[in-house]
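So the structure is just underneath, and the comments pick up after that.
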Amino acid sequence: MDINEIMKMVEKSLPDENLFSEVLRDIVKDELKDYLKNILEKNPEIKKGIREAIKKYTDAKLHEIAATTEFSKSFISLIIASMPEDMKKEILEDLITIFQREISKTVEKTL
């Protein structure tokens with residue numbers, strides 16, 4: 001093994017500048033988080049306002065998901081209604097199989 005190979009091995013083992021910038025970013029993030037938590041502890045009104053805003057935001061996202069689901073359901077119903085009768089049965093069976101599989105996966109993940 002020559003000196004160039006050894007130098008390359010040593011160079012590869014050293015952390016690069018990305019590691020240092022990531023660590024620095026994490027330190028700044030932690031400090032900022034602590035600073036903001038301290039402010040929130042001193043101002044319960046602000047903390048309450050943020051919690052209410054998060055609740056409203058979450059509720060809005062859930063309503064959005066419900067509306068999207070309702071739209072999808074109606075769209076699928078329209079597509080099925082426009083199909084020839086012989087295709088409907090096959091498509092409905094396929095959809096039921098897909099939904100059963102997805103529901104089973106979801107239930108397994110939550111257990």
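The values are calculated or read from the model by the stated rules, or taken from the named source; none is laboratory data. Note that the structure is a prediction, hence the values are computed from the model and not measured. Positions of Cβ are backbone-derived with ideal geometry, glycine not excepted, and every protein chain shown enters the neighbour counts.
Going residue by residue through segment 53-74, is there one that turns out to be of a type in the set (Asp, Glu) and exposed (fewer than 10 other Cβ atoms within 10 Å of the Cβ)? Within segment 53-74, not a single residue is of a type in the set (Asp, Glu) and exposed (fewer than 10 other Cβ atoms within 10 Å of the Cβ). Screening Ile39 against (1) of a type outside the set (D, E, K, R); (2) modelled with pLDDT of 95 or more; (3) surrounded by fewer than 10 Cβ atoms within 10 Å (Cβ to Cβ) leaves a single unmet condition, (3). Here Leu92 passes the criteria (1) in contact (Cβ under 8 Å) with a residue 12 or more places away in the chain; (2) among the hydrophobic types (A, V, I, L, M, F, W, C); (3) loosely packed, with under 10 Cβ neighbours inside 10 Å except the one numbered (3). Could you grab me the full set of residues in segment 1-26 that are among the aliphatic types (A, V, I, L, M) and surrounded by 10 or more Cβ atoms within 10 Å (Cβ to Cβ)? Matches in segment 1-26: Ile6, Met7, Met9, Leu19, Val23, Leu24.
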